[in-house]
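**Student:** Before I ask anything, let me first share the structure, which is written out below as structure tokens.
The values are calculated or read from the model by the stated rules, or taken from the named source; none is laboratory data. Just so we're clear, the structure is a prediction, and the values are computed from it rather than from any experiment. Cβ: placed from backbone, ideal geometry, glycine included. Neighbour counts: every protein chain shown. With ligands, DNA and RNA removed, areas are computed over all heavy atoms of the protein, side chains included. Shrake-Rupley method; radii C 1.70, N 1.55, O 1.52, S 1.80 Å.
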Amino acid sequence: MQVRISELSAASGVPVATIKYYLREKLLPEGARTSPTQASYGVAHVQRLGVIRALVDAGVGIAGVRKVIGVLEEPPENPYDLLGAANAAVTPAVSADIDLTAALALLERMGGDVEKCFPDQIAAVAQALAALDRAAFTVPDRVMDAYLTHLSAIAEEELAATPETSIEDAVRYVVLGTALVEPLILALRRVAEQVAASRRFGGALTG
């Protein structure tokens, strides 16, 4: 498959102007030059556009997309470093002076080791906890225990399912799974709460 930019737009569903923007931002590789003003594009460009649009639709900013593309193009060889790079690519920056005490306590409850966790991820937990504190909202211990237990189980299953066919497949799985699955988990959590509420209280939606 080698097509012009207009055909690439039709195949991907991404407007030509947006494709040109991605090209300028180096998020999309240049096409093969067919003349000084023309280029052709292939399947890899359609796939890359799918990745970019999925990330953007999931709320990842251009800076985050650029980090993800960087991981896809130059993946770390070590799976642990790959996971860290994938998470870092889609984790917002957090103030360096944030208090990590409560976050480290949760890490300990999960059986984790601070020396083996990426600082940005611990800081992100601390920031989320600080937001709860500002709202004077406390997660009950039994609920937090459920979060830690079930999220640990989810993490084990996700890692066990990482493709071993190639490093490229593993990168795609980890990076996109990190960025795109979180909205699904949030949506499923809300559905699960509705199911639980209907069982507990016998409620039902009315038209």
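**Student:** Taking the Cα centre of each part, how many Å lie between region 110-135 and region 22-70?
**Tutor:** A separation of 33 Å, based on Cα centres.
**Student:** While we're looking at this one, here's another question. Kindly sort 145, 97 by accessible area of their heavy atoms, largest first, with the probe set to 1.4 Å. Let's see the in-between values first.
**Tutor:** Numbers: 145 75, 97 130 Å².
Sorted by accessible area, descending: 97, 145.
**Student:** Here are some values of volume of the Cα convex hull per residue in Å³: (1) 171; (2) 193; (3) 112. Which one was computed from this structure?
**Tutor:** Recomputing volume of the Cα convex hull per residue in Å³ here picks out (2).
**Student:** Still on this structure, please answer the following. Once you have the Cα-Cα distance between residue 73 and residue 186, take 0.36 nm times their residue separation minus that, and quote the gain in nm to one decimal.
**Tutor:** Result for the pair: 37.8 nm of gain on full extension.
**Student:** Can you list residues from other chains, or at least 5 along the same chain, whose modelled amide H is less than 5 Å from the amide H of residue 39?
**Tutor:** 5, 34
**Student:** Which percent of the accessible heavy-atom area of the chain goes to carbon and sulfur, probe 1.4 angstrom?
**Tutor:** 57
**Student:** Sticking with this one: I need the Debye-formula profile for region 1-71: one equal scatterer per C-alpha, no solvent, reported as log10 I(q)/I(0) at q = 0.23, 0.24 1/Å, two decimals.
**Tutor:** These q points yield log10 I(q)/I(0) values of -1.02, -1.10.
**Student:** OK, next. Give me the distance in nm between label points sitting 7 Å out from Cα along the Cα-to-Cβ direction at residue 7 and residue 153, one decimal.
**Tutor:** Distance between the two pseudo-spin positions: 5.1 nm.
**Student:** Just the accessible area for residue 57, please: 1.4 Å probe, Å², rounded to the nearest 10?
**Tutor:** Solvent-accessible area, nearest 10 Å²: 120 Å².
**Student:** What is the spin-label model distance, in nm, from residue 34 to residue 133 if the labels are put 7 Å beyond Cα along the C-beta direction?
**Tutor:** Result: 6.0 nm between the two label points.
**Student:** Let me ask something else. Order 82-91, 7-16 from most to least packed using the mean count of other Cβ atoms within 10 Å.
**Tutor:** 82-91, 7-16
**Student:** For residue 142 and residue 120, what does the FRET efficiency come to when R0 = 35 Å and r is the distance between their Cβ atoms, rounded to the nearest 0.05? Each step should come with its number before you reach the end.
**Tutor:** On the way: r = 29 Å, r/R0 = 0.82.
Efficiency computed from Cβ-Cβ geometry: 0.75.
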